[in-house]
Amino acid sequence: MPAYEIEIILNRQLADCLSIPVFITDTKGNLIYYNEPAEEILGQRYEETGEMPVETWSTVFKPIDESGNVMPPDDLPLVKTLKDCLPYHKTFRIENLMGKSEKISVTSYPIIGRANRFLGAVAIFWKAKEE
Amino acid sequence: MKITLRGVRGSIPTTGPDTKYYGGNTACTEITEDGCMLVLDGGSGMQHVHVDRNSTNKRIDILLSHLHLDHIQGLGFFKPLFDPNMEIHIWGPASSTRSLHMRLSRYLSPPLFPVVIRDLPCKLVLHEIENSVFETGPFKIQSAFVLHPGPTVGYRITSKKSVFTYLPDHEPALGLTGILKNTKWISGFDLADGTDLLYHDGQYTTEEYKVRIGWGHSCQQDTLLFASLTGAKHLLLAHHDPSHTDAQLTDMFLSLQKNNNYPFKYEMAVEGMEINLP
């Protein structure tokens, strides 16, 4: 398999240096990298799982809106970014496989590289204040 | 494919008695095969690229890795650009903001240079490239963006029987943990994969690199690791730091030999060196 585009590699190297959870996907939404802080959210280690198809990693946690309803994928920032190549931000709750619920904020942005090519997306998660 | 190194120094020409052996001219490599010529980068070494005036081939292709001054400062002194019988093709990395013509014009125009591009008498064709594949003469050329500040490409040049990879300014180890062992995550890997000859940035010692991370260049130890991971058969360490004298470069190389046991051939690039690949 060919090496990733330089813009993807640079995003991974940056994520490696950050203390906030970062997820990097390809243009299809497959999870190609997540850093150590993100491992806590997924409950799995990148060194063990490697890359994860979108069907697998999207089921690891359940997004819930303010009313406690499961959010449709199209409302999630990362999915929206993958769809129209724009940055998004949203605060919502997630429930992991253990049933633990947390309020989080997610910011996603598209990786649009040189020559304006769309190469993937990045989502940054952090815990939001419980009201 | 005959490869002649016309300039192997990084950053700034450093001509003098202390740099006489390895050479002081900045980046330029000449490649010929079947009467066709490629010139990789237009540093000050370009002044020593000479074209056979009796040759029936009136085309030269100049492949720029990027537009830092040490890679283009020789362009204005390249005689074929001033010959109306010559057809010169310049290939350089695309930018998302300015055209190659506009970026080259920053240097090739007053007050930095007396002649503007449009007044060059040769037939000049500019090509903007990114992750591209193209052919000229007997050469199949692959370019790809690589880790170095500003739009920068490396080249993989395939001739009839051999492959030459040119990565003069490259920092694949940039990051928290250096070069990642999974080759999918290594800048420039596809260009150098299994190459016969790898010309690669090796500007710093390991100690020097520690305080120059992010400057876009490699320490020699990382360059050896990169060459090893790509399976290169022969490595030339280049882009010598302008502060390194001949004596220091020789010491650096002896130290590398002492501390490494890589199975492939590696050596320091020397200005004027000629290598024939089958």
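Values in this text are rule-based calculations from the coordinates and carry no lab data. The model shown is predicted, which means the values in this text are computed figures rather than measured ones. With ideal geometry, Cβ positions are generated from the backbone for all residues, glycine too; neighbour counts draw on all protein chains shown.
Less than 5 angstrom separates the built amide H of residue A:104 from those of A:92, A:93, A:94, A:128, all sequence-distant by 5 or more or on a different chain. Wrap a convex hull around the Cα atoms of the range A:6-127, take a quarter of its surface area, and give that in square nanometres. Approximately 7.0 nm², given one-decimal rounding.
Going from the fewest other Cβ atoms within 10 Å to the most, the residues B:167, B:235, B:112 appear in the order B:112, B:235, B:167.
Per-residue Cβ neighbour counts within 10 Å put B:99, B:143, B:105, A:19 in the sequence A:19, B:99, B:105, B:143, beginning with the fewest.
By the helix-only formula, in which each DSSP H run with n ≥ 4 contributes -39500 (n - 2.57) and the sum is divided by residues, the protein assembly as shown has a 222 nm mean residue ellipticity of -5000 deg cm²/dmol.
Can you tell me, using C-alpha contacts under 8 Å and at least 6 residues apart, the relative contact order of chain B as a whole percent? Once divided by the residue count of chain B, the mean separation gives 19 percent. Scanning residues 5 or more positions from residue A:30 or on other chains, those with amide H under 5 Å from its amide H are A:54, with H placed 1.01 Å from N in the peptide plane. Distance from the Cα centre of the range B:141-183 to that of the range B:212-272, in angstrom? Each part's Cα centre sits 15 Å from the other's. Here, the protein assembly as shown yields an orientationally averaged convex hull projection of 22.9 nm² when only Cα atoms define the hull. Amide hydrogen proximity for residue B:6: with H placed 1.01 Å from N in the peptide plane, the residues at 5 or more positions away or on another chain lying under 5 Å are B:28, B:29, B:30, B:272. With the alpha-carbon atoms of chain B aligned to their principal axes, the span from lowest to highest coordinate is 53, 39, 38 Å, starting with the largest.
Put in order of Cβ neighbour count within 10 Å, fewest first, the listed residues B:199, B:21, A:33, A:88 become B:21, A:88, A:33, B:199. In the range B:132-278, the C-alpha radius of gyration followed by the widest Cα-Cα span (Dmax) gives 14.7, 43 angstrom. Here the Karplus relation 6.51 cos²θ - 1.76 cosθ + 1.60, evaluated at θ = phi - 60°, turns the backbone of the range B:40-53 into coupling constants of 8, 6, x, x, 5, x, 5, 5, 9, 8, 10, 9, 5, 5 Hz, with x for every Gly and Pro. Of all DSSP-defined beta bridges confined to the protein assembly as shown, some 65% are antiparallel rather than parallel.
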